[in-house]
Every structure is written in structure tokens, then in C-alpha cells.
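The values are calculated or read from the model by the stated rules, or taken from the named source; none is laboratory data. Predicted, not measured: the structure shown is a model, and the values here were computed from it. FYI the Cβ positions are ideal-geometry reconstructions off the backbone, even for glycines, and counts take in every protein chain you see. Protein only, heavy atoms only, side chains kept; ligands, DNA and RNA dropped before computing areas. Shrake-Rupley method; radii C 1.70, N 1.55, O 1.52, S 1.80 Å.
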Amino acid sequence: GAGVSQSPSNKVTEKGKDVELRCDPISGHTALYWYRQSLGQGLEFLIYFQGNSAPDKSGLPSDRFSAERTGGSVSTLTIQRTQQEDSAVYLCASSSNLGNQPQHFGDGTRLSIL
Amino acid sequence: GQQLNQSPQSMFIQEGEDVSMNCTSSSIFNTWLWYKQDPGEGPVLLIALYKAGELTSNGRLTAQFGITRKDSFLNISASIPSDVGIYFCAGPVSAGGTSYGKLTFGQGTILTVHP
């Protein structure tokens, strides 16, 4: 597809379970970003990847959160031992490179922890 | 860290009215971005501003990059029902004059348009 694709669109799971969220960036985009949006809030940066460089993990809220990007394309965000406060919309974005190039967002994964 | 203060938090207007919202920061930004988010969807880029003083239009939308590089505004003229949504300002986090890819976002302005 032409845009950023995220799956699943919705995920409901029990507290304590692990979840994996997937992001397919726009073809050719070298930079990929993950953000979190809690209900009624703005977006909070989590992590970004640029090419083969080490990712910037400075926004990850705890060591239960991790992400990887395989082959410079698809990325997976993993949350281990989920907590109720992890409930949010997780948004992925990509851009053609770092700096001032605009980021284009997917529609997000709405995660609900019971 | 760099924070963006966006106002107003919400607006209720009649169709046909003009709308203005703004973002301010205590830090300098090299780029200002304005996004719109519809329910259940990701933010969509409306306007990108790259130079202090720049005034850019996109249809009924107009945005300006403040001269001080610490503020920006977005105007919507002759509002229509499909303008409903949440509008966010955003800018790249920077340090030492270098901009990084990660964005910091304002809290958003919720716009409601009554027909």
C-alpha cells in the first residue's frame, strides 16, 4: 500500500500478557518512529530507527518495552507483562530521512489491557 | 525538555466561521508541523513550515512560522463540518542546533463545527 500500515488495528489482552504490534513503513522510507497516544492526550515519542544506526530508545517508558526493525523495513514493538497503564493507541510513522522531512503516520493500534 | 503549549484546548464554532489556534514554546524550533487527526485514524500532515516568518497556505488553511521561532499559528477560514477533528502542532526535538527526527507534540486543539 501507499501509506504506513499497522496491525492489528485493535488489541485487547489481559494484564500480564505480552503483546506485539507491527508496522510496515512507506516503501523507501529509511526512518521509522513509534509514538504512544493516551486518551485525550498528545503523542508521546517512544523510539526511532534510522537506517542501520543504533535506535534512539530514549522515549521507552520502561524495560518492558522493546522494538526491533528487521531488514530496514518492518518494525515490531513488543510490550512484555502488560499493565493497565499501557492501554493507549500506539502510532507508527515513517519519513524519507532524519531532520526536517515530515513524518507520515499509520492509523495506529488501539491497545486495551483488561 | 522541549515542550509545546497549544491553545485553545477546544473550540466550538458555527459552520462558516474562521478558526485560529496557536502553539508556543520556550525553546527554538527549526521546523513547525501542523497535523489533523480524525477519530480512529493517525495524524495527517496539513502544513510544514521550515523558515522563520514563513507563511504557507493549503486551501482554506494558513499557517505561519513565528519570527522568534518559538511560536506558530494555524488559521482555518470558512469552516465546514469535515474540519472537525483534533489539530496538533509538532516540531523536531533538537539539541546544540541539531534537529533529531523525533517529534514533540502539542496537547491538541479539539475542533467542533456546528452545521
Here are B:Phe88, B:Phe65: which of them is in contact with an Asp or Glu (Cβ under 7 Å, 6 or more places away or on another chain) and within 13 Å of chain A (Cβ to nearest Cβ)?
B:Phe65
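When you look at B:Ser27, is it open to solvent by 10 Å² or more (accessible area, probe 1.4 Å) and either among the aliphatic types (A, V, I, L, M) or more than 10 Å from the chain's Cα centre (by Cα) (or both), yes or no?
It is true that B:Ser27 is open to solvent by 10 Å² or more (accessible area, probe 1.4 Å) and either among the aliphatic types (A, V, I, L, M) or more than 10 Å from the chain's Cα centre (by Cα) (or both).
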The condition from (1) of a type in the set (A, V, I, L, M, F, W, C); (2) more than 10 Å from chain A (Cβ to nearest Cβ); (3) free of Cβ contacts under 8 Å to residues at least 40 places away in the same chain that B:Ile47 misses is numbered (2)
Scan segment A:8-23 residue by residue and report those that are away from every other protein chain (no Cβ under 13 Å), farther than 16 Å from A:Gln83 by Cα and either crowded, with 18+ Cβ neighbours inside 10 Å or not charged (D, E, K, R) (or both).
A:Pro8
Within segment B:31-40, is even one residue within 14 Å of chain A (Cβ to nearest Cβ), among the hydroxyl-bearing types (Ser, Thr, Tyr) and either open to solvent by 70 Å² or more (accessible area, probe 1.4 Å) or not in a strand (DSSP E or B) (or both)?
yes
Quick test of your reading of the structure: B:Leu103 fulfils all but one of (1) in a strand (DSSP E or B); (2) away from chain A (no Cβ under 14 Å). Name the failing condition by number.
(2)
Flag if B:Leu74 is assigned to a strand (DSSP E or B), at the interface with chain A (Cβ under 10 Å from one of its Cβ atoms) and in contact (Cβ under 8 Å) with a residue 12 or more places away in the chain:
no
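Results for (1) in a strand (DSSP E or B); (2) farther than 21 Å from B:Pro92 by Cα; (3) open to solvent by 20 Å² or more (accessible area, probe 1.4 Å), shown as yes or no for each residue.
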residue: A:Leu32; (1), (2), (3): yes, no, no
residue: A:Tyr35; (1), (2), (3): yes, no, no
residue: A:Ser53; (1), (2), (3): no, no, yes
residue: A:Ser66; (1), (2), (3): yes, yes, yes
residue: A:Asn97; (1), (2), (3): no, no, yes
residue: A:Pro102; (1), (2), (3): no, no, yes
